[in-house]
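Values in this text are rule-based calculations from the coordinates and carry no lab data. The structure presented is a predicted model; accordingly, all values stated were derived computationally and were not measured. Positions of Cβ are backbone-derived with ideal geometry, glycine not excepted, and every protein chain shown enters the neighbour counts.
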Amino acid sequence: MSEVEKLKRINAALMERVERSMDQQGSSFSLFQTAIGLEKQVRQKTDELAFALRRLEHTNQELNTAKEAAEQANISKTRFLAAASHDILQPLNAASLSISTLADLQTTGEGRALAAQVENALATMDELLKTLLDISKLDSGVMVPEVRPLPLADMLNGLRDDFEAFAAERRLRIRFRFSRHQVLSDRTMLRRILQNIISNAVNYTPTGGVLVGTRKRGDRLRIDVVDTGIGISEEGLRHVFEEFYRGRQPKSVQKNICGGLGLGLSIVQRMATALGHELTVSSSSGKGSRFSLYVPLAEAGTAEQTGPAPAALRLPANTLAGARVLLLENDPAGIQAMESLLWRWQCSVRIASQRQEVDEILADETWRPDVVLADQHLDNGDLGTEIVEAVLTGPEQSMPVIFITADPDDDLTHKAGELNAELMYKPVKPAELRSLMASLLSPRRTGPAPPPV
């Protein structure tokens, strides 16, 4: 190979190496530029992400604030409704007691009919107030179920006593067929569910009757309320648990349900949901309805035992003659109405609106009360439960106590239980009050009857 050829090959090799070196430097420079660009993008995205996180945190704070405000509004609404219902129930109770006395004084059929109409209107107002309060409590989470073992037979016996006369007035048959199983539920809520369903069955049944029965289904007890009433259409079944839905009512049942707002079954479903009890309904127009509630079974022997319901008693009007009644009340209209009613029952009545007046009454050894009727909220901030606990339940002063209140506080329910006292809510039904007083006083009443007025 000539020297020229060698030099050409060496030159070509050197040129290739230089070009390769320049390509490598160009790639490094390009990578360097790319890295700088990526760093800028990462920094930009990081800033954007940090800004988004700050906005999200701020939004979460706003949501938490709004949530707290909504919860507080619900609590305030419940407190307002509770206070409003208390203030409304006080005069409503006085009106209910007064109309009962007025009905006893009527000597004509027209007068008795008018008194009955007013009494029914007052009962409707009472039911609507209680329903609105229940809805408020359920929506705000204030009403929390206290699930415990219950003897279902006691509850159904009480409901039978409540509805037998109600059905008889409408010339309907009502039958209860149930086992003595124990169930797991909240006593008050379960009774309210069954009471509403049975009431609807009676109201919407112009002829025939209603059957309340139970049947074991695995680890649950199915409680059925079956009627031969007007039934529910296929369209109505889709809306039957909605608020304010009443559907079409024929003239044969309109007189039984006047004044209602269609809230009863809405309350039933809400309470069943809160308890975790399955609720079903089957019906067809003109062929009656079946409501079924599935309640968990409890182990045998674990349920609370209760006595017979006071409303089941059937006692004559003069059974209370001679009874000495201490009335703890501070509402003037309520005092006047209750005092008039008790005098009609030939009771001797003394009234106190605060602790000091109670002490003065008890200081008179010639007059010892046989029974105490006590409101919860009295003058000077005194509470009926505190007065009863302090001066009326000791060894020397033990006597029957009935709390009569418009305050639906659960603490009052527990306190009444601790004091072994009865509890009734305003407006009081005079017949139930008379029966309860008579049952409490029957073994201990003494003293001559006061002169009738």
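Expressed as a fraction of 2.2 N^0.38 Å, the value expected for a compact globular protein of N residues, the C-alpha radius of gyration of segment 319-395 is 1.05.
Just how many % of Cα pairs in segment 313-441 lie over 21 Å apart, if you round to the nearest whole percent? Counting every Cα pair in segment 313-441, those more than 21 Å apart make up 34 percent.
For segment 332-406, GluC sites (Glu not before Pro) are listed when DSSP marks them as loop and at most 14 other Cβ atoms sit within 10 Å of their Cβ; the list is Glu365, Glu396. Taking amide H atoms as placed 1.01 Å from N in the peptide plane, the amide H of Arg173 lies under 5 Å from those of Gly208, Gly209, Val210, each 5 or more residues away in sequence or on another chain. The local environment of Thr207, defined by Cβ-Cβ distances under 11 Å, has a net charge of +2 under the rule Lys, Arg +1 and Asp, Glu -1.
Ranking of His414, His181 by neighbouring Cβ atoms within 10 Å, starting from the fewest: His414, His181. Residue order for Phe403, Phe51, Phe163, fewest other beta carbons within 10 angstrom first, comes to Phe51, Phe163, Phe403. Under the criterion of Cα pairs below 8 Å and six or more residues apart, the relative contact order for segment 313-441 equals 26 percent.
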